Amino acid sequence: MSTRRKNFSEQSVLETVDLSVNLGGLCLKNPVTVASGTFGYGREYEPFVDISRLGAVIVKGTTLKPNSGNPAPRIYETASGMLNSIGLENPGIEDFLNIHLPYLLERGVSVIANIAGNTLEEYETLGAMIRKQSGVAAIELNISCPNVKKGGMHFGTDPDMVFQVVNAVKKATDLPVIPKLSPNVSDITIIAQAAQAGGANALSMINTLMGMAIDIEKRKPVLGNIFGGLSGPAIKPVALRMIYQVHREIDIPILGGGGIMSATDALEFIMAGSSAVSIGTGNFVQPGISVQVINELADYMIANNIPRISDLIGAAVRK
């Protein structure tokens, strides 16, 4: 990545290029967000990151009631990535709205709420509660949850259920709705089209790939829940391929993520069709990575005479 920054102050570099993007009606000052579940509620990273610099903070997954999550161990490092089985541990929607949201709004950052439910009614209720509370900029839907009324089938693996949950939340709120797509499907373009038909303003992709690890000394799975979600650089090629495919088939923006560890990675995602990007596992490896990526994107644009980052969206896609 360019070293041009040596000749400019940070502020002057950022003022010479346009990093703003539109994510389904949500205007972001730059395309860099932090993925749900990897950044807490922002305050955890305040010693390392000026969160007001971020395009948006996507808070950890929020459920209707407090959730204690899965049994430990819940995180395991893998080759070029990590497995997590947190199980949506969170204090519930009321604590998010009353305690964590005000903190983020005081710092002037766009807040995207990530919500999760086990029934359509829970998603609708969460959407309606957020609508009544000013400050949230958009809603990201975690649709990798089991629908208890459908025998535990995950919402995100069935096109009809994807349509239903997106449509239900759209009816409950006037905020942009961004379903987060699971890669654990045979054809992600069908799921993406169902989400668009349901009224999605944008898509977030991809969620983690299912995986596991085994302790050969104990001869048992490492994670307390046996299976977990694989994230990090190991899944980047899969994420890029899926985003590339989906960008050719839909008419709404994509929030892309999956193993972004540098501005070079972010640019690949943007050129594959992402209007914005989310950094997840990278936050654990290098807590200040998000701001570093913002700065280096500006450096790249100056070095290559690119006035607007939006000019690069889908630049590598052949339709």
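May I ask you to list the residues in segment 170-198 that are over 26 Å from Met129 (Cα atoms), of a type in the set (S, T, N, Q) and outside any loop (DSSP other than H, G, I, E, B)? Of everything in segment 170-198, those that are over 26 Å from Met129 (Cα atoms), of a type in the set (S, T, N, Q) and outside any loop (DSSP other than H, G, I, E, B) turn out to be Thr189, Gln193.
Say whether the condition of being surrounded by fewer than 20 Cβ atoms within 10 Å (Cβ to Cβ) and aliphatic (A, V, I, L, M) is met by at least one residue in segment 41-61. Checked against the condition, which is being surrounded by fewer than 20 Cβ atoms within 10 Å (Cβ to Cβ) and aliphatic (A, V, I, L, M), segment 41-61 yields no hits at all.
Only a single item in (1) touching a helix residue (DSSP H, G or I) at 6+ places or on another chain (Cβ under 7 Å); (2) under 27 Å from Val111 (Cβ atoms); (3) part of a helix (DSSP H, G or I) is not met by Tyr244, and it is number (2).
Selection over segment 183-202 of residues that are in contact with a helix residue (DSSP H, G or I) (Cβ under 6 Å, 6 or more places away or on another chain) and buried (at least 24 other Cβ atoms within 10 Å of the Cβ) gives a count of 4.
Are any of the residues in segment 101-124 of a type in the set (A, V, I, L, M), at pLDDT 95 or above, touching a strand residue (DSSP E or B) at 6+ places or on another chain (Cβ under 6 Å) and under 20 Å from Ser231 (Cα atoms)? There is at least one residue in segment 101-124 that is of a type in the set (A, V, I, L, M), at pLDDT 95 or above, touching a strand residue (DSSP E or B) at 6+ places or on another chain (Cβ under 6 Å) and under 20 Å from Ser231 (Cα atoms).
Per the conditions (1) touching a strand residue (DSSP E or B) at 6+ places or on another chain (Cβ under 7 Å); (2) in contact (Cβ under 8 Å) with a residue 60 or more places away in the chain, the sole criterion not satisfied by Pro179 is (2). Residues in segment 150-164 that are over 27 Å from Cys27 (Cα atoms) and assigned to a helix (DSSP H, G or I): Lys150, Phe155, Thr157, Pro159, Asp160, Met161.
Does segment 287-295 contain any residue that is of a type in the set (Ser, Thr, Tyr), crowded, with 21+ Cβ neighbours inside 10 Å, within 17 Å of the chain's Cα centre (by Cα) and over 20 Å from Leu28 (Cβ atoms)? Within segment 287-295, not a single residue is of a type in the set (Ser, Thr, Tyr), crowded, with 21+ Cβ neighbours inside 10 Å, within 17 Å of the chain's Cα centre (by Cα) and over 20 Å from Leu28 (Cβ atoms).
Looking at Tyr123, Tyr76, Tyr103, which is the one that is surrounded by 21 or more Cβ atoms within 10 Å (Cβ to Cβ) and of a type in the set (Phe, Trp, Tyr)?
Numbers: Tyr76 fails: surrounded by 21 or more Cβ atoms within 10 Å (Cβ to Cβ); Tyr103 fails: surrounded by 21 or more Cβ atoms within 10 Å (Cβ to Cβ).
That would be Tyr123, the only listed residue that is surrounded by 21 or more Cβ atoms within 10 Å (Cβ to Cβ) and of a type in the set (Phe, Trp, Tyr).
Please work out if Asn167 is out of contact with any Lys or Arg (no Cβ under 7 Å at 6 or more places or on another chain) and part of a loop (DSSP other than H, G, I, E, B). Taking the combined requirement at face value, the residue does not satisfy it.
The values are calculated or read from the model by the stated rules, or taken from the named source; none is laboratory data. Please read all numbers here as calculations on a predicted model, not as lab measurements. As a convention, Cβ positions derive from the backbone with ideal geometry for all residues, glycine included, and neighbour counts pool all protein chains shown.
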